[in-house]
Amino acid sequence: MTSPATEPDRRGPEPRSAYAAFRDITTRWMDNDVYGHVNNVVYYSFFDTAVNGLLIDAGVLDIHAGEVIGLVVETQCNYFAPIAFPQAVRAGVRVAQLGRSSVRYEIGLFAGDAPGCAAAGHFVHVYVDRATRRPVPLPGPLKAVLQSWQVNPDTRTDQR
């Protein structure tokens, strides 16, 4: 039996200072699974809720009538500690890569007042024309918000 390879982008729990924008998320009774903690698939919903909620709040995403929408093309999550209803969750968001039509968001989920994240992951949005579903350049206002969420990895305090 061989030991599993370490994934190159697997990181350990990071502190809140590693993230640029934050959104509170409420856990629900139905989020818990039979093992008494939030089921793994719910974490991906938390990621979507945090990023899209922040974009809507910033006025750069119109989910109903906007001409440009983001489609998720990649996602991943690492789990470090359980989260369970009725814990409050605070999602930290940062932009790790910003392309012409795509962005890689990194999200840390913090349970209550914990200093390190309980889970960390990423997803990639490719921004497309709503009608054609073809990639388009990031609109200026969206790009400005995303740039403000970039965190210089040399200045953040990691707990690895």
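Brief remarks follow.
- Applying the criterion of being buried (at least 20 other Cβ atoms within 10 Å of the Cβ) and over 13 Å from Val51 (Cβ atoms) to the residues of the range 113-131, the residue that is nearest to the chain's Cα centre (by Cα) is Ala120.
- Figure legend. Inter-residue proximity from the range 62-78: first residues over 20 Å from Val38 (Cβ atoms), second residues among the β-branched types (Val, Ile, Thr), beta-carbon distance below 6 Å, spacing 6+ or different chains. Indicated pairs: Val68/Val136; Leu71/Val126; Leu71/Val128; Val73/Val124; Val73/Val126; Glu74/Val124.
- All of (1) surrounded by 15 or more Cβ atoms within 10 Å (Cβ to Cβ); (2) in a helix (DSSP H, G or I); (3) more than 14 Å from the chain's Cα centre (by Cα) hold for Leu146 with one exception: (3).
- Residue among Ala88, Ala84 that is closer than 19 Å to Arg16 by Cα and either touching a residue at least 12 places away in the same chain (Cβ under 8 Å) or basic (Lys, Arg) (or both): Ala88
- Filter result for Val72 (at pLDDT 95 or above and surrounded by fewer than 16 Cβ atoms within 10 Å (Cβ to Cβ)): yes
- Selection status of Phe22, at pLDDT 95 or above, buried (at least 19 other Cβ atoms within 10 Å of the Cβ) and under 21 Å from Gln150 (Cβ atoms): no
- Taking each residue of the range 110-125 that is closer than 12 Å to Asn78 by Cα and touching a residue at least 24 places away in the same chain (Cβ under 8 Å) and looking for partners that are aliphatic (A, V, I, L, M) and in a loop (DSSP other than H, G, I, E, B) with beta-carbon atoms closer than 8 Å, six or more apart or interchain, yields Ala118/Ala81; Ala118/Ile83; Ala119/Ala81; Ala119/Ile83.
The values are calculated or read from the model by the stated rules, or taken from the named source; none is laboratory data. Because the structure is a prediction, the values reported are computed rather than measured. Neighbour counts are summed over all protein chains in view; Cβ atoms, including those assigned to glycine, are modelled from backbone coordinates with ideal geometry.
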